[in-house]
Amino acid sequence: MVWALILIVIPMLIMIFYAFTTEGNDLIQVKVSLNNFIRFFQDPIFLNVLLRSVILALVTTLICILIGYPAAYFIAQADFNKQAVLVLLMTAPQFINMLVRTYAWRGILLNTDFSAELKVYIGMVYNFLPFMILQIYTSLSKLDTSLINAAYDLGCDKKTAFLKVTLPLSVPGIISGITLVFLPAVSSFFIPKLLGGGSFVLVGNLIENYFVTTGDWNFGAAVSLVMTIVILISMYFTRKFDYDKEAR
């Protein structure tokens, strides 16, 4: 509780304080204002940046599911000893710092004709794909094989058994993977900055700019709070979907 208080609660309270105040306040004389939020929602540029960030995170998550599920299924179907090797090969790049890996991709993609948007997508999928694979693999590896055998005994072919048994039972892993991919993707700032060359701005870059470059902490905190609300809403719907599946 002390750890959470220091690293989560207090920083959140500081962010809220800056978001609802104007520049030049102190603890003795505080002027509460909604100008930071009005400025954000009235400027179409900021709204477009927010929309672009959400779309990028959604597309990144979808690509990670489309690639990650077959990969996780292949690992789960392999022999037990081979599974450990495959998981190690998949997670080995994660031992290297994400920033270093992104710099490596910057060098690889530097002389290509890819658009800035495509380069950002490549960096996003590469960095977050293992999180999706691990979550789905964990869910698949815990499946009770007797349920699948029962489906075969009742006349199901492999396709039907997969769609009726394996896929529904692996939904919790998919939901966990979506959470671990979407949340960091929607707030990422150094991947778009390094691979997009400054021409593909997301909310994370916007927040970094107002905190580090312009020094407008109040507006930067307001944007951060809006981003926090978007993340909390997305977490609510993903968890609600997971709970609904469990209830059925």
(request) Identify the single condition in (1) of a type outside the set (D, E, K, R); (2) open to solvent by 40 Å² or more (accessible area, probe 1.4 Å); (3) within 19 Å of Met15 (Cα to Cα) that Ser199 does not satisfy, given that it satisfies every other one. (result) (3)
(request) Tell me, please, whether a residue that is in contact (Cβ under 8 Å) with a residue 40 or more places away in the chain, open to solvent by 80 Å² or more (accessible area, probe 1.4 Å), part of a helix (DSSP H, G or I) and of a type in the set (A, V, I, L, M) can be found in region 46-59. (result) yes
(request) Of the numbered conditions (1) open to solvent by 30 Å² or more (accessible area, probe 1.4 Å); (2) among the hydrophobic types (A, V, I, L, M, F, W, C); (3) in contact (Cβ under 8 Å) with a residue 40 or more places away in the chain, Phe182 fails exactly one; give the number of that condition. (result) (1)
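Taking the residues in region 1-22 that are loosely packed, with under 13 Cβ neighbours inside 10 Å and of a type in the set (Val, Ile, Thr) as candidates, determine which candidate is nearest to Arg39 (Cα to Cα).
Ile14
Kindly state which helices (runs of 4 or more DSSP H) lie completely within region 167-229 and contain at least 2 residues that are more than 27 Å from Arg239 (Cβ to Cβ).
The qualifying helices (runs of 4 or more DSSP H) are 190-195, 203-208.
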(request) Could you tell me which residue of region 89-108 is surrounded by the most Cβ atoms within 10 Å (Cβ to Cβ), considering only residues that are within 20 Å of Ile75 (Cα to Cα) and of a type in the set (A, V, I, L, M)? (result) Met90
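The values are calculated or read from the model by the stated rules, or taken from the named source; none is laboratory data. Just so you know, these numbers come straight off a predicted model, no measurement behind them. All Cβ positions, even for glycine, are placed from backbone atoms using ideal geometry, and neighbour counts span all protein chains on display. Heavy atoms of the whole protein, side chains included, go into the accessibility calculation; ligands, DNA and RNA do not. Shrake-Rupley method; radii C 1.70, N 1.55, O 1.52, S 1.80 Å.
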